[in-house]
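Have a look at the structure below before the remarks.
The values are calculated or read from the model by the stated rules, or taken from the named source; none is laboratory data. Quick caveat: nothing in here was measured; it's all calculated off a predicted structure. Counting neighbours? That spans all protein chains shown, and the Cβs are built from the backbone with ideal geometry, glycine included.
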Amino acid sequence: MKKYAHSKTFTFEGRRYKVYGDTLEEVYTKMVIKKQELEKGQLTVHGDMTLKAWSDICVDTYKTNQKDITRSKYKSRMNHCIIEEIGEMKLKKIRPIHCQEVLNLQAGKSKRQIDEVYMTLRFLFRKALANGLITSDPTASLERPSGTKTTRRSITAVEEAAFLSACELDNRRTVFLIMYYCGCRPSEAIGCQGRDITKIDGYNMLHIRGTKTAKSDRLVPIDDKLYQKVKNVCGFDCLAVNQAGNKFNRKSWERAWAGLKHDMNIAMGCRVEDGELVGPYPLAKDFVPYCLRHTFCTNLQKQGVDIRTAQYLMGHSDIKMTANIYTHADTSTITEAAKLMHVIPDEIPKPETVENTKVV
C-alpha cells in the first residue's frame, strides 16, 4: 500500500478533490490535469483511476435510494475502513491480498462491522468488474476474520426502574421512552411527529412510518404514560426533540444517550465525586438503545400477545426475528409456566433436604 510524500486539495464547483504524488511537481501536474478534465466534463471511468475516485462515482450512481443519514454512515465507514488504506491505489493494480489486508484490520470487531466492510468491498469491485474497469474481482475469495457477536437483551428490573426515573429528569429522553413503550427503532423514534398520533376505536395509536423493511410501516398502541407526554405535539413537529428544540441528529442523540446512562448509573448507586462518576459502574456495558426495543418485544410476550401480532408491532419482515426474542424466556416466564402447570412450590424438595436412601 503505497504512501505518497505529498498531497494537495482543491475545490471545483463546491466539491473537494485531493491529488497525491511522490514530488510536489507530480502533485501540481496531476492537479492541473484533473482540473482540465473537470472543466471539460471529460472525467471518465477507467482502470487507471484510483479506488477513491471510483468509490465516489460508484456510490453516487448505484446507491441512489439511500436516505441521507444512511448514506452518510455508509460513506463514513467506507472512507475510514477502506479508502484510507488503499484509496490511492489504481483500480487495476489492486490485488486480492490488498483487499484481504484491509478486511483483516477489522479482526476482533463486531461481526456486523466486519460484514459491512466485507459487503462494501464486494460492492465496489463487483461494479468495477461489471463496468469493464478491471478484468477480475480481487474480492471474490475474501475470508472474513474472526469477530465478536453482540446480543441484544431486555433490560433488567433494576435497569428499568433507573431508566424510567432518569427519563423524568430530561425531556430529551422522551425519544428513548418512544422506543421503550412502542418498540421503535432509533431512526423511527427520532422521526415520530404529532400527526402520527391517532385514535382507533377509542385507543391511542402511534403511526410509525418505518422504511427499513416492507412491514416497518405500522400502528402501535401508545401507553398512557407516554401519551400524556406527547399528546399536545401537533402536525409535523417531532414528538421528541434535542436540547435546541430541533430534530435529533447523530451528535445530539449521542449526547442524550450519554446523559441518560450517567443518570441511570447514579440512580443505581454509583458514587459521585466532584461531579464525576467513580467506578465501578453498576449499569452494564451492553446496555444500548436497542435494549429498549427488545424489552418492548419481551413485554409483549409476557402480556400474552401472540407472535404474529408481535411481528407486526415490531415491524419485523421475518417472524424468525420475533421468535428469537420470544424464545428467550426469563425466570418470570418460567414461574408463570409453573403456575399454569399447577406446580406447588412447597412440594418441590430442596436438594439439601433430600435424604440419602439405599436402593435394594
Got at least one residue in segment 189-208 being surrounded by 15 or more Cβ atoms within 10 Å (Cβ to Cβ) and acidic (Asp, Glu)?
-> yes
Would you say Ala258 is assigned by TED's automatic domain parsing to the domain that holds Val175, surrounded by fewer than 20 Cβ atoms within 10 Å (Cβ to Cβ), among the aliphatic types (A, V, I, L, M) and in a helix (DSSP H, G or I)?
-> yes
Which one of Lys109, Lys67, Lys73, Lys90 is over 26 Å from Ser187 (Cα atoms), basic (Lys, Arg) and surrounded by fewer than 19 Cβ atoms within 10 Å (Cβ to Cβ)?
-> Lys90
Cβ pairs under 7 Å, 6+ apart or interchain, first in segment 270-286 and within 19 Å of Ala161 (Cβ to Cβ), second of a type in the set (Phe, Trp, Tyr), ordered by first then second residue, are Cys270/Tyr281
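Return the residue satisfying two criteria in turn: it lies in segment 297-320 and is in a helix (DSSP H, G or I) and among the charged types (D, E, K, R), and of such residues it is modelled with the lowest pLDDT.
Lys320
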Would you mention how many residues in segment 261-308 are hydroxyl-bearing (Ser, Thr, Tyr), buried (at least 16 other Cβ atoms within 10 Å of the Cβ) and within 18 Å of the chain's Cα centre (by Cα)?
-> 1
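Can Lys127 be described as part of a helix (DSSP H, G or I), touching a Gly at 6+ places or on another chain (Cβ under 6 Å) and at pLDDT 90 or above? Before you say what the answer is, go through the steps one by one.
Working: part of a helix (DSSP H, G or I): yes; touching a Gly at 6+ places or on another chain (Cβ under 6 Å): no; at pLDDT 90 or above: yes.
Judged against the criteria, Lys127 is not a match.
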Of (1) modelled with pLDDT of 95 or more; (2) over 23 Å from Val305 (Cβ atoms); (3) of a type in the set (Ser, Thr, Tyr), Tyr180 satisfies every one except (2)
Select the helices (runs of 4 or more DSSP H) contained entirely in segment 143-198, then report the ones holding at least 1 residues which are more than 18 Å from the chain's Cα centre (by Cα) and under 13 Å from Phe287 (Cβ atoms).
-> 157-167
Conditions (1) under 23 Å from Ile222 (Cβ atoms); (2) at pLDDT 85 or above -> Phe287 fails only (1)
